[in-house]
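To start, the structure under review is shown below, and the notes come after it.
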Amino acid sequence: MPSLFDPITLGTIEAPNRILMAPLTRSRATKDHVPTDLMIEYYRQRASAGLIISEATGISRQGLGWPSTPGLWTDEQVEAWKPVTAAVHEAGGRIVAQLWHMGRLARPDVTGIQSVSSSTKRAPYHDPDPAKNPYDTPRALPVDEIRTTIDDYGTAARNAIAAGFDGVQIHGANGYLIDQFLRDNTNDREDEYGGSPENRIRLMREVTERVIGEVGAGRTSIRLSPNGETQGADDSNPEAVFVPAARALNDLGIGFLELREVGPEGTFGTTDVAKLSPKIREAFTGPLVLNQDYTQEAGQADLDSGVADAIAWGRLWIANPDLVERFRTGAGFNKPNPKTFYTPGAEGYVDYPALERADA
């Protein structure tokens, strides 16, 4: 079986190792959602990853309701991404853009407009005081606006390639718009986008088809979170929807599928719902990437078992820009500072030290 340090083909991308960088929101863009020069250095430092999956990047003003996160719907945003992707490539790396529509989690104090979703169900918030909930009650997207949203995904995918990305990843996980359509506790529609698992899968499939039409199947991937509750989104029978979803993605021939799977213990969410990766592995024959709370040893074990082809790490990459080398040498890890995860500036972003090289 392959090791974490062996190369892998992910669609059109030839990755030199199987240690991927998971998408990480860091809030270092401008208030107008334009990438900044600081992001150039951040991504360049992490170019040794087999593949960088960018931070979640908005496809439209409507869908991007988180402060200081980047977008891909304006010419200014596309131009500002170009030096980021160029820096990664010059350092020998590969990077794809994660395309994001937050749905009901798009805060109206950021977008200036009412949020949208599969249904009119307001998202919960971690504070028990309802007055502190920043989310509003969303509009249920009518079919004509679903078509517009699919167009927005297509435009953002095309813009990503123009900005120099090697491909795109559709964000279909973590309780955001596509996930809100997939799960039965957030989707109570009675039209062709609701009800049966086949109907709830429809938006995911149509978005993926549109993105493939713009950039090609080999440059297209998607992230799903098939087991357990996430940001208020849950499903009464996840196997019935996510295994067919994986089969549909397999039929479309996408470059790879990434799964964020939580367990009984975790840093960002826990669940007793069994992981679906073994059953999804049977339905999806392309490269399967797994993510969430992995150690190096656990990641290698899942490669050895065949349930995964690569592993994506998140928080370890925040504090360790040379994570691949630290895994390779058995060196220790810098400890991330959660207080600077989403703050502006270089602190906790580009100032984590790399290992000292003996040949430097």
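Tabulated data
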read-out: Options 109, 136, 151, 144: the member that is over 27 Å from residue 311 (Cα atoms), acidic (Asp, Glu) and crowded, with 17+ Cβ neighbours inside 10 Å; value: 136
read-out: Residue satisfying condition, being of a type in the set (S, T, N, Q) and at positive phi, within set 174, 159, 185, 199; value: 174
read-out: Residue 300 vs. criteria over 30 Å from residue 162 (Cβ atoms), surrounded by 20 or more Cβ atoms within 10 Å (Cβ to Cβ) and under 17 Å from the mean Cα position of the chain (by Cα); value: no
read-out: In region 242-262, the residues that are of a type in the set (Asp, Glu) and outside any helix (DSSP H, G or I); value: 258, 261
read-out: Residue match in region 330-338 (condition: under 23 Å from the mean Cα position of the chain (by Cα) and not in a loop (DSSP other than H, G, I, E, B)); value: yes
read-out: Sole exception among (1) in contact (Cβ under 8 Å) with a residue 12 or more places away in the chain; (2) surrounded by fewer than 23 Cβ atoms within 10 Å (Cβ to Cβ) for residue 75, by number; value: (1)
read-out: Residue check for residue 57: part of a strand (DSSP E or B) and either crowded, with 23+ Cβ neighbours inside 10 Å or charged (D, E, K, R) (or both); value: yes
read-out: Residue check for residue 131: crowded, with 21+ Cβ neighbours inside 10 Å and over 18 Å from residue 229 (Cβ atoms); value: no
read-out: Residues of region 305-330 that turn out to be farther than 20 Å from residue 53 by Cα, surrounded by 14 or more Cβ atoms within 10 Å (Cβ to Cβ) and touching a helix residue (DSSP H, G or I) at 6+ places or on another chain (Cβ under 8 Å), as a count; value: 1
read-out: Failed criterion for residue 96 (all others in (1) assigned to a loop (DSSP other than H, G, I, E, B); (2) in contact with an Asp or Glu (Cβ under 6 Å, 6 or more places away or on another chain) hold); value: (1)
read-out: Of residues in region 244-279 being in contact with an Asp or Glu (Cβ under 9 Å, 6 or more places away or on another chain) and among the β-branched types (Val, Ile, Thr), the one farthest from residue 21 (Cα to Cα); value: 273
read-out: Every pair of residues 6+ apart whose Cβ atoms lie under 7 Å, when the first sits in region 234-247 and is closer than 9 Å to residue 182 by Cα while the second is aromatic (Phe, Trp, Tyr); value: none
read-out: Scope region 99-126; condition assigned to a loop (DSSP other than H, G, I, E, B) and β-branched (Val, Ile, Thr); matching residues; value: 113, 120
read-out: Top-ranked residue in region 332-345 [being surrounded by 13 or more Cβ atoms within 10 Å (Cβ to Cβ) and not aromatic (Phe, Trp, Tyr); ranked as nearest to residue 29 (Cα to Cα)]; value: 344
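Condition check ((1) closer than 16 Å to residue 173 by Cβ; (2) at pLDDT 95 or above; (3) basic (Lys, Arg)) across all residues:
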position: 275; (1), (2), (3): yes, no, yes
position: 279; (1), (2), (3): no, yes, yes
position: 283; (1), (2), (3): no, yes, no
position: 297; (1), (2), (3): no, yes, no
position: 333; (1), (2), (3): no, yes, no
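Yes or no, residue by residue, for (1) acidic (Asp, Glu); (2) under 20 Å from residue 65 (Cβ atoms):
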{"residue": "170", "(1), (2)": "no, yes"}
{"residue": "184", "(1), (2)": "yes, no"}
{"residue": "203", "(1), (2)": "no, yes"}
{"residue": "230", "(1), (2)": "no, yes"}
{"residue": "236", "(1), (2)": "no, no"}
{"residue": "239", "(1), (2)": "yes, no"}
{"residue": "258", "(1), (2)": "yes, no"}
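The values are calculated or read from the model by the stated rules, or taken from the named source; none is laboratory data. Here the structure is a predicted model, which means the values were calculated and not measured. As a convention, Cβ positions derive from the backbone with ideal geometry for all residues, glycine included, and neighbour counts pool all protein chains shown.
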